[in-house]
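Everything below concerns the one structure shown next.
The values are calculated or read from the model by the stated rules, or taken from the named source; none is laboratory data. Keep in mind that what you see is a predicted model, and the values were worked out from it rather than measured. Quick reminder, even Gly has a Cβ in these numbers, built from the backbone with ideal geometry, and neighbours come from all protein chains shown.
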Amino acid sequence: MAPQREWFEKDYYAVLGVASDANDKDIQRAYRKLAKQYHPDANPGDAAAEERFKEASAAHEVLGDAEKRKEYDHTREMVANGAGPGGFGGGGFGGGGFQNGNFQFDDDGGGLGDLFGNLFGNGGAGGFGRRGRGRSGTAGPVRGQDLETELRLDFLDAVHGVTTTVNVTSDASCSVCGGSGAEPGTFPETCPTCQGTGAVAVDQGPFSFSQVCPTCGGRGQVISHKCKKCRSTGVERRKREVKVRIPAGVKGGQRIRVKGRGAAGRNGGPPGDLYVVVHVHTHPLFGRSGKTNLTITVPITFPEAALGTQVKVPTLDAPVTVKVPAGTQHGKTVKVRGRGITPAKGDPGDLLVTFEVVVPTKIDDEARAAIEALADGLAEDPRQHLGV
């Protein structure tokens, strides 16, 4: 994986506001905070906020990927030692310059030639090669940025799963030119300067350097008739609806990835991904415990708790009859197997029924007399263990 030129210039840890040894959770937490704060939907017309959102997304794309982060850290270490996208040190290599022209580039692609080729993406701005063997410096396709949005769901929709849409404002393929950058009916042409490679060779003594083609800017193509809608960029910023399939059993705070529905790529690059953060509304009867268990509180009277009974309890579909054992205490929970949430994959969870003994607040004379008679008949003292 070749480092991008921006890696030499951007401190992505500083962009996210985390330390260089931050763990994955810290990086994700910092990115979500910034994405929510500077999201274009929350800051319409604010160019500065949009730029901060793009910077945070670019930083997260690198630091959130273990392989990219490893390469980025290595690149930044070289930057700290004097390396840059245009050379190494003050003298071109390690600050000492060329030593008697004795640098060798092996025919098998090893040595310094391979090192610099890998470092700069097989050429690119400031790439190296033998005279007559300059490598391509094309800018190449650029993947679109990942985006994040939020979705609020009804409790039952989250439990059963649902297909819905979210509104996203982002870069998308131009609706007029379809992403080509050229006016409809015309097409980009191969750059006459670099012949489509995106780079031109510059001779420097015993070596040849490749640099981005000044005519096409590294794209390898030129556009004679530019699209007026997108000004030949191939992308435009617009609102769009994205269909999202929410799996059964999704929980609040969970992120759903919608592949390829993020910002549009450039230079023919693939689009980024869209991440949907789900928020679930509460239900008047049911709660959740773990991934698949449902909870419900069922009121019972004192006589029902003392003598035992059977009560009907609602579930996600048909009601069930649950036994209340004699002597049931307030807060006792019983389990009804298989009547919880059925996830997209796996077995259904359970329904956890918690009994709540209800004490009447209004009683008539007859009820009072009955309760007093009951109290006289109860020999057991529940506070005996207190010793007072």
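Residue-by-condition table, conditions (1) within 47 Å of the chain's Cα centre (by Cα); (2) without any contact (Cβ under 8 Å) to a residue 24 or more places away in the chain; (3) in the same structural domain as VAL357 (by TED's automatic domain parsing):
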residue	(1), (2), (3)
LEU294	yes, no, yes
ALA305	no, no, yes
THR315	yes, no, yes
VAL322	yes, no, yes
GLY331	yes, no, yes
VAL334	yes, yes, yes
GLY340	yes, no, yes
PRO343	yes, no, yes
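Restricting attention to region 1-41, the residues being of a type outside the set (D, E, K, R) and within 18 Å of the chain's Cα centre (by Cα) number 18.
Taking the options THR328, THR321, name whichever one is crowded, with 16+ Cβ neighbours inside 10 Å and more than 30 Å from GLU61 (Cα to Cα).
Going through THR328, THR321 in turn, just one is crowded, with 16+ Cβ neighbours inside 10 Å and more than 30 Å from GLU61 (Cα to Cα): THR328.
Taken together, the criteria place VAL336 among residues that are under 18 Å from LEU285 (Cα atoms) and either among the aliphatic types (A, V, I, L, M) or touching an Asp or Glu at 6+ places or on another chain (Cβ under 7 Å) (or both).
Which one is nearest to MET78 (Cα to Cα), of the residues in region 10-48 that are charged (D, E, K, R) and in a helix (DSSP H, G or I)? Looking at residues that are charged (D, E, K, R) and in a helix (DSSP H, G or I), I get ASP24.
Are any of the residues in region 376-387 at positive phi, part of a loop (DSSP other than H, G, I, E, B), exposed (fewer than 10 other Cβ atoms within 10 Å of the Cβ) and more than 55 Å from the chain's Cα centre (by Cα)?
yes
As a summary of the residue check, THR354 satisfies the conditions (1) closer than 30 Å to ASN293 by Cα; (2) out of contact with any strand residue (DSSP E or B) (no Cβ under 6 Å at 6 or more places or on another chain); (3) modelled with pLDDT of 90 or more except for the one numbered (2). When you scan region 164-174, do you find a residue that is in contact with a helix residue (DSSP H, G or I) (Cβ under 6 Å, 6 or more places away or on another chain), of a type in the set (Asp, Glu), crowded, with 20+ Cβ neighbours inside 10 Å and assigned to a strand (DSSP E or B), even just one? No: region 164-174 contains no residue that is in contact with a helix residue (DSSP H, G or I) (Cβ under 6 Å, 6 or more places away or on another chain), of a type in the set (Asp, Glu), crowded, with 20+ Cβ neighbours inside 10 Å and assigned to a strand (DSSP E or B).
Look at region 274-286: where a residue is in contact (Cβ under 8 Å) with a residue 60 or more places away in the chain and a partner is of a type in the set (Phe, Trp, Tyr), sitting 6+ places away or on another chain with Cβ atoms under 9 Å, you get VAL280/PHE155; HIS281/PHE155; THR282/PHE155; HIS283/PHE155; PHE286/PHE155. Inspect region 256-269 for any residue being at pLDDT 90 or above, in contact with a Ser or Thr (Cβ under 6 Å, 6 or more places away or on another chain) and under 30 Å from SER289 (Cβ atoms) and give the result as yes or no. Among the residues of region 256-269, not one is at pLDDT 90 or above, in contact with a Ser or Thr (Cβ under 6 Å, 6 or more places away or on another chain) and under 30 Å from SER289 (Cβ atoms), which makes the answer no.
Could you say whether any residue in region 238-252 is small (Gly, Ala, Ser), without any contact (Cβ under 8 Å) to a residue 24 or more places away in the chain and surrounded by fewer than 17 Cβ atoms within 10 Å (Cβ to Cβ)? Taking every residue of region 238-252 in turn, none turns out to be small (Gly, Ala, Ser), without any contact (Cβ under 8 Å) to a residue 24 or more places away in the chain and surrounded by fewer than 17 Cβ atoms within 10 Å (Cβ to Cβ).
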